[in-house]
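If you scroll down you'll find the structure; I have some questions about it.
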Amino acid sequence: MNKKVGVIGGGQLAWMMAQVAPQENIDLLVQTPSFSDSAVSLATKTILGSIDNAQVTAELAQYCDVITFENEFVDLVELQKLADKGVCFYPRLSSLSPLLDKYEQRCFLQSQGLPVPHFKAYESLTDFDDFSYPLVLKARRHGYDGQGTIIIKSPSELTAILPKFDGIPLLIEEFIPFDRELAVIGTRSASGEIKIYPVVQTYQQNQVCRWVIAPTILTPSQQETISSIVEKLLTSLDYVGVLGIELFLHENGTILVNETAPRTHNSGHYTLDACVTSQFAMQLQAVTGKKLGDVTLKSSGAVMVNLLGFENAHSDYQEKRDKIAKMGAFVHWYGKKESRIGRKLGHVTMLLDEDTPEKIEEKGRSIVQQIESLWYD
Ligand code: ADP
């Protein structure tokens, strides 16, 4: 009989998990606030309710063997009461708890000896004395897609911005002059098996991911450092499932951890078309106790471009999508009814067959330009 996996969240990540669930012999059920959310059309069952409502999760749990997450904005205290009654969560709630608040996450990473930017919780103005400009200010909770992350260039900018965050707990962070931003998806099963996908380059504009190129150019020692960061994180959290890890490659060549997300991640969307096992199948395999699949790229490289909203409108942009598909691309459209500026509406993946990471990057960047000019024209 099919295993039943409940997902807290019904957006595009759950939607992509639902696409691969049948091939894993899994029924996917979702908890999500609206019947118009992406995953509803593919889910076996939808329990309607907000993500942080543990009573709704209790109902979801009645139908499921295990509950997992596409969204970490949950109420851990209330979910723990369900876990105490025997509801199975993977990743475990104890693995999520050090990660949900960006300050606590930084403290955890540092306690594990992992390299992170210099940081401090904001309590009073004197806390800024330790930092030079530019500096980075982040909302400690509920930030995503750059919302809640601001790069501050001067004391006057800081004075203007601070009142807008009144009452919101903040993290202050040194600005890292990075050469590139990188990301990697790690997976661990309950039996401790670990699989690590290729390290990718990600490009953010206004703190939102625009594109990803896989694999990225790394020295053997950088590759080794990243693999050991992923292993350390997965084992120290006693983690089960897929973990997204964002990294900075400092211009001095060192690697720092920016943040880690306890779920499938935008930087891993390319795996759907480009890897033997996608991050979504991998998540299902890990949380249902299966042997983990093969993370190898099916081509020498791949590029993924996010289709971000560029206007407030109700359109399915079929014509633009058709033009992009004609390039030989895999177009994934999340079926959202409403477009808003910056909203993730879909993504596009193209496989590359260049034979070195340098050529993959060059070709990848030229494909990004073509896709973005068709999308944003
Ligand atoms: P979110 O959780 O919303 O993705 P992040 O903390 O990952 O927010 O920040 C979004 C982006 O902002 C990063 O990908 C990076 O481009 C930039 N950024 C964040 N922190 C720093 C930093 N300390 N130094 C330089 N750039 C940063």
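In whole angstrom, note down how far apart the Cα centers of the stretch 220-286 and the stretch 53-105 are.
The two parts, judged by their Cα centres, are 21 Å apart.
Give the residue list of trypsin sites (Lys or Arg not before Pro) in the stretch 97-169 that are DSSP loop and have at most 13 other beta-carbon atoms within 10 angstrom.
Counting only loop positions with at most 13 other Cβ atoms within 10 Å, the trypsin sites (Lys or Arg not before Pro) in the stretch 97-169 are Lys153.
Please give every one of the aspartates and glutamates within straight-line cross-link reach of Lys195, meaning a C-alpha to C-alpha distance under 20 Å, and leave out same-chain neighbours fewer than 8 residues apart.
Counting by Cα, and skipping residues close in sequence, Lys195 has these aspartates and glutamates nearby: Glu24, Glu70, Glu224, Glu231, Asp238, Glu246, Glu259, Asp273, Asp294.
Moving on to the next point. Where nothing but the Cβ of Lys and Arg (+1) and of Asp and Glu (-1) is charged, how large is the charge dipole of the chain around its Cα centre, in debye to the nearest 20?
With Lys and Arg at +1 and Asp and Glu at -1, about 800 debye.
Cβ under 10 Å from Ile51's Cβ, Ile51 left aside: what net charge do those residues give with Lys, Arg +1 and Asp, Glu -1?
Local charge sum for Ile51: -4.
Starting from the Kirkwood radius over alpha-carbon pairs of the stretch 225-290, derive D by Stokes-Einstein at 4 °C in a medium of 1.567 mPa s and give it in µm² s⁻¹.
Estimated diffusion coefficient is 100 µm²/s.
Could I ask something else about it? What is the sum of charges around Val136, taking Lys and Arg as +1, Asp and Glu as -1, for the other residues whose C-beta is under 10 Å from the C-beta of Val136?
Working: positive: Lys138; negative: Glu173, Glu174.
Its environment carries a net charge of -1.
Of the trypsin sites (Lys or Arg not before Pro) in the stretch 276-372, which ones lie in a loop per DSSP and count no more than 15 other C-beta atoms within 10 Å?
Lys291, Lys298, Lys326, Lys337, Arg340
While we're looking at this one, here's another question. How large is the Kirkwood hydrodynamic radius of the stretch 76-192, in angstrom, based on all distinct alpha carbon pairs?
Over the stretch 76-192, the inverse of the mean reciprocal pair distance is 16.5 Å.
With the radius of gyration and the Kirkwood radius both derived from the Cα set of the chain, what is their ratio Rg to Rh? Present the calculation step by step, with values, prior to reporting the outcome.
Numbers: Rg = 20.2 Å, Rh = 21.4 Å.
Rg/Rh: 0.95.
Can you give me the span-like helices of the chain, meaning DSSP H runs with 30 Å or more of Cα extent along the axis and Kyte-Doolittle mean at or above -0.5?
Details: long enough: none.
Result, helices passing both filters: zero.
Bear in mind that the values in this text are calculations on the coordinates, not laboratory data. The structure presented is a predicted model; accordingly, all values stated were derived computationally and were not measured. Because the Cβ atoms are built from the backbone with ideal geometry, glycine has one as well, and the counts that use them run over all protein chains shown.
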